[in-house]
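What follows is a short report on a single structure.
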Amino acid sequence: MSIFKKRDIKSVLSQKNSSAQNAQSIKKHLNNNVDEYYYDSIDSTNSEAKRHTIHSGCDFALFVADHQTNGRGRLGRTFYSPSDTGLYMSLLFKNTADTENILKLTTATAVCVCESLEKLCGVCVKIKWVNDIYLQNKKVCGILCEAITDKDHSSIDSIVVGIGINLCTKDFPSDIKDIATSLNTTIDKNALCADITNRLIYAVKNISSVSFIKEYKERSLVLGKEIFYTQDGVTKSATALDIDSLGALIIKTDDGTKTLSSGEISVRVK
Ligand code: BTN
């Protein structure tokens, strides 16, 4: 039985639910006890998650918005988040020894999102290392995992996993219009949000034992390809050889084999 209702885009846009209705609609699909916060508009669901602390009795908190005024991406970039045409969500949870590797968490999240999009939207999506989901060679989703440190910045207290998906965005700003796309889907976004959340919570709870790297590699857009990578402002070319068990990208350069694992590196397929 399908757990989502198909509606046309016009009706999705005109049947605007209240925040409370949306929150309720997500909750009915969730498998876990999750604190849930829904906003018509907010600066960034990741920023909002960082302003909260996890309430006792609930291990996870979910932040969802219809619109972000300051959606954030990796490397200080912005994430275009217009009203009602995308899914903008962040999951906050307490850090454990298993979850503190942000790179590994990012790769696990990418696999969860791909599985969800494939199951609920029937699309075939690929992953561009490390955090971008692509549909037919254009970016349809970005992932931003952030660590929240304690007051004296000595240890990681919590983690926030942010996901932005272009569902039916039509007009992108000129700087991204050639590289961004949307699913153009009629999906119930609350059902999609809940499905991703359920997968993500399972992945987080089982991050040490479950292997998602095999699937990550199978969906990779970069493996075996000639790429450009930018590190400390310098762009070089290389061949993408492999992805290791923690999600780091192994490349062949003129200077030998290198492992790229820093969040400060961007990669472009030639
Ligand atoms: C990227 O493209 O580099 C990552 C984009 C991540 C966007 C999502 S939208 C929900 C959450 N809130 C944010 O401000 N960013 C993430």
Of Lys50/Lys151; Lys50/Lys94; Lys104/Lys214; Lys139/Lys177; Lys94/Lys205; Lys16/Lys119, pairs whose Cα-Cα distance is over 18 Å = Lys16/Lys119
Find how much the distance from Gln24 to Asp157 grows on full extension, using 0.36 nm per residue of separation minus their present alpha carbon separation; answer in nm with one decimal.
-> 45.0 nm
Measure nothing but the geometry: give the 0 to 90° angle between the long axis through the Cα atoms of 102-121 and the longest principal axis through the Cα atoms of the chain, rounded to 10°.
-> 50
Find the relative contact order for segment 137-186 and round it to a whole percent, using C-alpha pairs within less than 8 Å whose residues are 6+ positions apart.
-> 40
Scoring the chain by relative contact order with C-alpha pairs under 8 Å, at least six apart, yields a percentage of 18
If you stretched the chain out fully between Asp242 and Asp178, how much longer would it get, using 0.36 nm times the residue separation minus the C-alpha to C-alpha distance?
-> 20.3 nm
Amide N of segment 90-106 lying under 18 Å from the label point, which is placed 7 angstrom from the Cα of Asp150 along Cα→Cβ = 93-101
Kindly work out what percent of the DSSP beta bridges joining two residues of segment 120-270 are antiparallel, to the nearest 5.
-> 95
In deg cm²/dmol, rounded to 500, what helix-only [θ] at 222 nm does the chain give when every DSSP H run of at least 4 residues adds -39500 (n - 2.57) and the total is split over its residues?
-> -7500 deg cm²/dmol
Three-way shape call for segment 161-223 based on the alpha-carbon gyration tensor, with the a/c threshold at 1.5 = oblate
Quickly rank 250-257, 181-188, 239-246 as a protection proxy: mean count of other C-beta atoms within 10 Å, highest first.
-> 181-188, 239-246, 250-257
Pairing the Cα long axis of helix 189-205 with the longest principal axis of the chain, what angle in degrees results, from 0 to 90 and rounded to the nearest 10?
-> 50
By the Cα gyration tensor axes a ≥ b ≥ c (a/c under 1.5 gives rounded; else a/b larger than b/c gives prolate, otherwise oblate), the shape of segment 70-111 is prolate
Of all DSSP beta bridges in the chain, what percent run antiparallel (nearest 5)?
-> 85
What's the local net charge at Phe228, with K and R +1, D and E -1, over the other residues with C-beta under 10 Å away?
-> +2
At 25 °C and 0.890 mPa s, what whole-number value in µm²/s does Stokes-Einstein give for the translational diffusion of the chain, with Rh from the Kirkwood sum over Cα pairs?
-> 129
May I ask you to order 190-200, 138-148, 228-238, 122-132 by the average number of other C-beta atoms within 10 Å around their residues, highest value first?
-> 190-200, 138-148, 122-132, 228-238
Carbon + sulfur, % of accessible area of the chain - ligands and nucleic acids excluded, 1.4 Å = 48
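The values are calculated or read from the model by the stated rules, or taken from the named source; none is laboratory data. All values reported here derive from a predicted model rather than from experimental measurement. Here Cβ is always computed from backbone atoms with ideal geometry, including for glycine, and neighbour counts include all displayed protein chains. What goes into the accessible areas is simple: the full protein's heavy atoms, side chains included, and nothing from ligands, DNA or RNA. Shrake-Rupley method; radii C 1.70, N 1.55, O 1.52, S 1.80 Å.
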